[in-house]
Amino acid sequence: MFAAPFDYARPKTLDEALSLLSKHGDEARLLAGGHSLIPAMKLRLAQPRLVVDIGRLDGLRQIEARDGRLAIGAMVTHAEIAASRTLADLCPLLVEVASAIGDLQVRNKGTIGGSLVHADPAGDWPAAILALDAEIEIAGPQGRRTVTAGAFFTGILETAVKPGEILCEIRVTAAAASAYVKTEQKASGFALCGVAAVVDATARRVRVGITGVAPVPYRAAAVERALEGQALAEGSLAAAAGQAAAGVTPLADIHASADYRAHLARVNTARALQRAASR
Amino acid sequence: MKLTGTYRLAAPPARVFAALVDPDVLQRCIEGAERLVRTADDQYDVHLRLGIGTVKGAYVGTVRLTDQQPPDRFTLHVEGKGAPGFVRGSARIQLTAAGAGTVAICDADGQVGGVVSAVGSRLLDATARMLMDRFFERLGAEVR
């Protein structure tokens with residue numbers, strides 16, 4: 001498997017990268033960790049004329065606690081997140097999800113920004129990003145804009161990031177009581193169903209993000225509504241989790257039927273909520 | 001791969017039918033269709049430029065309409081080929097009046113082959129459904 005011939009550019013600044021994208025339009029593709037793009041290029045499913053490697057850009061590789069919020073650069077790898085002390089203290093959900101991704105090679109090279117932009121409906125990050133109600137900062141020729149997690153995923157392999165734009169940063173609020181429960185496809189590690197839950201016992205509120213089940217990852221709105229203002233007892237968590245696939249048309253493939261995915265959504269939601277509530 | 005979908009459209013069946021057999025409307029409703037060129041009665045060459053995430057490709061194919069029974073039903077046949085693979089399929093579309101509008105039932109059966117099916121099988125069904133949903137969403141906007 002060899003990629004079709006392509007040109008390679010490694011800009012040093014974000015502006016340089018943006019101007020390469022605007023000059024070359026859809027002939028150019030951004031290279032982050034390369035764990036989705038490179039295999040697609042080798043299979044010649046993707047044949048960009050120009051690969052713009054953003055691996056050396058300044059300012060996309062940091063994890064910072066800032067104004068009570070956490071900012072994670074788009075080019076931070078899964079492994080760096082899994083090993084981050086700052087995140088382990090303030091937002092352990094990100095550490096838990098990063099540790100559950102693929103295998104060591106994928107975690108060492110793959111990046112949170114690259115994974116989010118690729119938007120595989122069975123990727124792990126969407127569940128966490130939704131449960132944390134993250135903000136996603138996107139740079140484009142007209143400057144920067146911020147999109148909420150709920151508006152980020154727009155279709156299969158499609159996001160709010162438009163051609164010519166670059167995802168720069170993911171911002172979340174610290175959350176202690178959280179958990180990620182995934183049933184994975186054994187060979188690939190992709191989620192047949194991954195559920196991230198964040199519990200706020202004081203405000204009596206939960207947020208649940210689900211990946212792998214529907215064509216587009218989603219917040220389990222019916223579960224969240226059922227628990228709004230409720231004391232988070234084991235019985236009420238389990239009952240609410242029964243709504244985890246309400247109104248959703250689940251994916252079906254050789255690995256799991258639609259009914260099985262819906263079942264996993266309910267079971268994993270109950271487990272994630274209980275685990276989060278106990279933390 | 002079999003797909004069935006039911007869609008509500010805010011126009012009577014006669015209007016929906018007329019839109020569905022109009023190449024200009026088809027071109028606007030089929031995701032990625034750049035050009036539809038008539039080659040015979042009810043037959044068109046179609047040029048598609050379709051990008052689903054990383055998989056971007058140009059496809060050339062034909063669209064054919066058969067079994068036309070206005071304003072109730074017809075069958076749409078699509079065949080296309082490009083670097084990522086090929087697609088071949090047909091969709092039976094049945095239109096039924098419902099109040100002032102129409103309920104369209106689309107019964108599609110298709111095959112996808114080549115590299116895209118070998119490595120993308122996990123997402124093929126869901127992607128096909130997404131494209132079908134978008135087709136009817138745009139059609140709904142066309143006939144409104």
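Here are the numbers for the structure shown:
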| item | result |
| --- | --- |
| Flag if A:L251 is away from every other protein chain (no Cβ under 14 Å) and buried (at least 24 other Cβ atoms within 10 Å of the Cβ) | no |
| Test for A:A122: is it of a type in the set (G, A, S) and within 14 Å of chain B (Cβ to nearest Cβ) | yes |
| Top-ranked residue of segment B:1-35 - restricted to ones that are assigned to a strand (DSSP E or B) and over 13 Å from the mean Cα position of the chain (by Cα), ranked as farthest from the other protein chains (Cβ to nearest Cβ) | B:L9 |
| So B:F74, is it assigned to a strand (DSSP E or B), within 14 Å of chain A (Cβ to nearest Cβ) and farther than 30 Å from A:A160 by Cβ | no |
| Residue check, A:T154 within 14 Å of chain B (Cβ to nearest Cβ) and in a strand (DSSP E or B) | yes |
| Among the candidates A:V195, A:V161, residue that is part of a loop (DSSP other than H, G, I, E, B), at pLDDT 95 or above and either within 30 Å of A:D103 (Cα to Cα) or in the same structural domain as A:T13 (by TED's automatic domain parsing) (or both) | A:V161 |
| Search result, residues across segment B:109-128 that are surrounded by 15 or more Cβ atoms within 10 Å (Cβ to Cβ) and either touching a Ser or Thr at 6+ places or on another chain (Cβ under 7 Å) or of a type in the set (F, W, Y) (or both) | B:L124 |
| Single residue of A:L18, A:L60 found to be in a helix (DSSP H, G or I) and either of a type in the set (D, E) or away from chain B (no Cβ under 13 Å) (or both) | A:L18 |
| Subset of segment B:19-54 [open to solvent by 30 Å² or more (accessible area, probe 1.4 Å), among the β-branched types (V, I, T) and over 20 Å from B:T96 (Cβ atoms)] | B:I30, B:V37, B:T39 |
| Matching residues in segment B:56-78 - criterion: being open to solvent by 60 Å² or more (accessible area, probe 1.4 Å) and of a type in the set (A, V, I, L, M) | B:V60 |
| Residue identified as among the hydrophobic types (A, V, I, L, M, F, W, C) and over 29 Å from A:A256 (Cα atoms) among A:V181, A:V206, A:V172 | A:V172 |
| Pick from segment A:101-125, criterion part of a loop (DSSP other than H, G, I, E, B) and open to solvent by 30 Å² or more (accessible area, probe 1.4 Å), ranking: farthest from B:I52 (Cα to Cα) | A:D103 |
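The values are calculated or read from the model by the stated rules, or taken from the named source; none is laboratory data. All of these numbers come straight from a predicted model, not from anything done at the bench. Neighbour counts run over all protein chains shown; Cβ positions are idealised from the backbone, glycine included. These accessible areas exclude ligands, DNA and RNA; they are computed on the full protein's heavy atoms, side chains included. Shrake-Rupley method; radii C 1.70, N 1.55, O 1.52, S 1.80 Å.
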